[in-house]
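Contents: one structure, followed by commentary.
The values are calculated or read from the model by the stated rules, or taken from the named source; none is laboratory data. All figures in this text were calculated on a predicted structure; none of them were measured in a lab. We place every Cβ from the backbone using ideal geometry, glycine too, and count neighbours over all the protein chains shown.
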């Protein structure tokens, strides 16, 4: 990117993060200013993608679109779908063709990836090799085992990790997670310090009277994993359900089957460390919960809904209660189905958690995010996932035409002002209700009030197919 | 037919917003209650826009979105249909003796007379047929020319010659024509093996044991339930025809989106032959798929002897799971392909593209034999050349048969183009800003679940047509192959992998009386072959 544009974009990002703090902290947020800055950043991103990201160039060329001074054409014609991030050929991974994967990743990244792949035998090796060269690919896994890879470089990674710290801090402080000193200092720090300095200060101060319990792996590049790893830095100690690294290769083998002896060994090791140690792992977690409570520590518990359900069932099954220290906090996110596909009702889960851990329901919070977005959206006490100011939400009808209005239902899309290294104009696989009106919680701007998956593929009469088939 | 329409106030106007649709219940036309539009609209008011069915008092209500035939866009309005409710118990025929002495005893020649009578009545009442056609057109998703030809083709389905060919061939065994077995017991020249028990009995009790008898076979009719699909308007009538030809006491479920053709046929049957055993034992009805109240009764053992299910996977799996003790015939969801050898690049490109497009355009790519994927043997450049030629041919089809594309299909296309398949080569024909038809050349494998089946052809390049074999399975119904020499060489390899039909390119909609369908001689499965 040209240096003046880059400097301008950095300046916009800084201002947007500051605005997001004001927005989350409810201290004098200016939504018009945020919109203006956000849209300017989006147009700079568009220009950047046009010159640097080949897949975006192809799409823009097909639509006859060049430089823009208005975001409407982007909304109508240049939003990719989240499938973009799994548009590689699955047999490249099957054949361990990581050079092919690099070529593909280059097409959705703003730089050519010409990293040597000698010795790269697994997806984990590939991720490590990329990371060592400053490209951090976060991934998520669908039920078919087709991974989405979202590549971020260091500046993007900074935004991905720093911005949420800045605007989630006021949310967590409001929930009572901070110390009395943090309560006092938050607002002036937020106003006076740059986002980078603020984030470093927050991380340094941390939440020392909390211990972190994460129903995740202690290391890994999966989206929800990365969130856990970032939070883990804040606490006195952090304990993970799986004391091993999450292996992307092993995860892929679970759904797609091991294709080689090497894969088989990887899968066995993974299963041994997870399913094979399930009771032991949960026992360790429960022990840690008790110990932290006995030591006078509050607990920050994080996991997916089905994992929390599992944990609660094990605790209740033992017949012994586990009341955490008052002020403990539970954060969950991810799909609402168990491994077996059983759907869990949110209200039922919150009740189970509140009763098992003697935690107030207002200290049990859901977060909404996805690997493709540089935002984490906490659910407020009134059931709304508020969108931070750097996200321009777009709701699309089934024809993928953007809708207008203050109360909309349809496919959730967004223009992400913080997406630098990959095309951040995305139509997700979620169907939502977006309401742009005042919320009783005091946070301004649009919020998602219902989140579900987009309708599955419809079978078209006789020509329809009953299951996924390669042709 | 005209008199019935007048008496029952049926199909009197072309442009109506509320159509009262009769059902046929064991030969009697049952009319729905009179319900006015405001009441119907109120019933749908607080429901989601994609709700198509509601019960209101003693009526079933359907709504279908209206399509502007010029712009081929949804207008936002609906046509409503009011249908009577059904009582599942009433539709089941449990008086077997009545069937034995009535319908089952009727000679096959009477079936042909029935069809001839119905055909004649339809022929003499083209004004009514036309009105039903125009009513259907308002909401029909098929292009106008397809709809027009479907209705014009109704007499062909009723043709006694076709009926005879189907029965004589599909029910033919022991070198005898099928109608003989339908008509009664047929002695066949079989060498009847003496049974072990009778041999031993003969040794024990000479002169007292039974003699070995003659071999006699009969194709006994059965009581049939046909759950049909709506992707092609002819399907409900083809299924009804099979039931009629096999002298079945039958219940035919019309699909959503195609209730009017069933109602028209019912009207014609009652007008032509109200007292005929076929009419008296025929029901053409509608219920919402999955209605437990109805299906629990229909799927009970002994309710029917045969259940025929077309299309939608939910219907297929529902019957598989719930009608455990009733023999079923499934027409599973399937798709067609085309295989084009490199010979096409020796100057035949345009002609071959015309033929492969013909196979794609079977019921506007909605039929289970329509070609969805074209495998082209050649280089990448050649595959692109083929794709471009095909695109031009599809553009001509767009002119001849402009199509309505569902908003969800348009959305799915956009998702494909802007996501998973962004690196494919998209060659599209547009009508204004909207998709009309097109071809996409995929650089790699493609998930058939992603196919929108809306006049989009997926082209896959292969080095050798043999490479296509690994993609063949029971889900592929039909392969059209060019050139003929390659088709003959590959034919058995293709068929052995589960494909039912291998035809010359361009001929995949081939039909003839007595033709196997999805690997089955269907009429033979609909009767019960008896020894007596």
**Asked** Does the stretch B:134-150 contain at least one residue that is in contact (Cβ under 8 Å) with a residue 40 or more places away in the chain, within 30 Å of residue B:273 (Cβ to Cβ) and more than 20 Å from the chain's Cα centre (by Cα)?
**Response** yes
**Item:** Test: residue in the stretch B:513-521 that is surrounded by 14 or more Cβ atoms within 10 Å (Cβ to Cβ), in contact with a helix residue (DSSP H, G or I) (Cβ under 8 Å, 6 or more places away or on another chain) and closer than 25 Å to residue B:375 by Cβ
**Value:** no
**Request:** Tell me which residues, restricted to the stretch B:163-178, are more than 15 Å from residue B:521 (Cα to Cα) and touching a residue at least 40 places away in the same chain (Cβ under 8 Å).
**Result:** B:174
**Asked** In the stretch B:223-248, what residues are assigned to a loop (DSSP other than H, G, I, E, B) and within 13 Å of another protein chain (Cβ to nearest Cβ)?
**Response** B:228, B:229, B:230, B:231, B:232, B:233
**Message:** Condition first: at pLDDT below 95, part of a helix (DSSP H, G or I) and in contact with a strand residue (DSSP E or B) (Cβ under 6 Å, 6 or more places away or on another chain). Can you find one or more residues in the stretch A:37-60 that meet it?
**Reply:** no
**Matching residues in the stretch A:317-333 - criterion: being farther than 16 Å from residue A:232 by Cα and touching a helix residue (DSSP H, G or I) at 6+ places or on another chain (Cβ under 6 Å)** = A:322, A:324, A:325
**Fill in**
With criteria (1) farther than 29 Å from residue A:246 by Cα; (2) in contact with a helix residue (DSSP H, G or I) (Cβ under 7 Å, 6 or more places away or on another chain); (3) free of Cβ contacts under 8 Å to residues at least 60 places away in the same chain, residue A:115 comes up short on (1)
**Asked** Out of all the residues in the stretch A:44-68, which are surrounded by fewer than 18 Cβ atoms within 10 Å (Cβ to Cβ) and more than 12 Å from chain B (Cβ to nearest Cβ)?
**Response** A:47, A:51, A:52, A:65, A:66, A:67, A:68
**Request:** Residue by residue through the stretch A:403-413, note down the ones that are within 12 Å of chain B (Cβ to nearest Cβ) and within 13 Å of residue A:79 (Cα to Cα).
**Result:** A:411, A:413
**Prompt:** Going by the structure shown, is residue B:289 within 14 Å of chain A (Cβ to nearest Cβ), crowded, with 22+ Cβ neighbours inside 10 Å and either in contact with a helix residue (DSSP H, G or I) (Cβ under 7 Å, 6 or more places away or on another chain) or modelled with pLDDT of 95 or more (or both)?
**Reply:** no
**Message:** Condition (residue is assigned to a helix (DSSP H, G or I) and in contact (Cβ under 8 Å) with a residue 40 or more places away in the chain) applied to the stretch A:214-223: is it met by at least one residue?
**Reply:** yes
**Request:** Would you check if residue B:403 is at negative phi and within 21 Å of the chain's Cα centre (by Cα)?
**Result:** yes
**Request:** Starting from residues that are more than 30 Å from residue B:90 (Cα to Cα) and in contact with a helix residue (DSSP H, G or I) (Cβ under 8 Å, 6 or more places away or on another chain), keep the ones in the stretch B:209-236 and report whichever is surrounded by the fewest Cβ atoms within 10 Å (Cβ to Cβ).
**Result:** B:210
**Request:** Considering (1) buried (at least 17 other Cβ atoms within 10 Å of the Cβ); (2) in contact with a helix residue (DSSP H, G or I) (Cβ under 9 Å, 6 or more places away or on another chain); (3) part of a helix (DSSP H, G or I), say which one residue A:172 fails and leave the rest.
**Result:** (2)
**Request:** Would you confirm whether any residue within the stretch B:259-268 is crowded, with 17+ Cβ neighbours inside 10 Å and more than 26 Å from residue B:142 (Cβ to Cβ)?
**Result:** no
**Request:** Could you tell me which residue of the stretch A:69-87 is farthest from the chain's Cα centre (by Cα), considering only residues that are more than 9 Å from every other protein chain (Cβ to nearest Cβ) and assigned to a loop (DSSP other than H, G, I, E, B)?
**Result:** A:69
**Fill in**
Flagged in the stretch B:41-64 as more than 20 Å from residue B:285 (Cβ to Cβ) and either surrounded by 14 or more Cβ atoms within 10 Å (Cβ to Cβ) or within 30 Å of the chain's Cα centre (by Cα) (or both), in numbering order, are B:41, B:43, B:44, B:48, B:49, B:50, B:51
**Item:** Any chance residue A:418 is assigned to a strand (DSSP E or B) and at pLDDT 95 or above
**Value:** no
**Prompt:** Looking at A:402, A:423, A:378, A:455, which is the one that is at pLDDT below 95 and more than 21 Å from residue A:21 (Cβ to Cβ)?
**Reply:** A:455
**Hits in the stretch B:297-314 - residues which are surrounded by fewer than 21 Cβ atoms within 10 Å (Cβ to Cβ) and either within 13 Å of chain A (Cβ to nearest Cβ) or at positive phi (or both)** = B:302, B:313, B:314
**Message:** Restricting to the stretch A:353-370, give me the number of residues that are without any contact (Cβ under 8 Å) to a residue 40 or more places away in the chain, touching a strand residue (DSSP E or B) at 6+ places or on another chain (Cβ under 8 Å) and part of a loop (DSSP other than H, G, I, E, B).
**Reply:** 1
**Prompt:** Which strands (runs of 3 or more DSSP E) does the stretch B:1-108 wholly contain that include 2 or more residues that are in contact with a helix residue (DSSP H, G or I) (Cβ under 7 Å, 6 or more places away or on another chain), within 26 Å of residue B:126 (Cβ to Cβ) and not assigned by TED's automatic domain parsing to the domain that holds residue B:240?
**Reply:** none
**Prompt:** For the stretch A:88-110, which residues satisfy the criterion of being within 8 Å of chain B (Cβ to nearest Cβ), in a helix (DSSP H, G or I) and either more than 23 Å from the chain's Cα centre (by Cα) or crowded, with 22+ Cβ neighbours inside 10 Å (or both)?
**Reply:** A:90, A:91
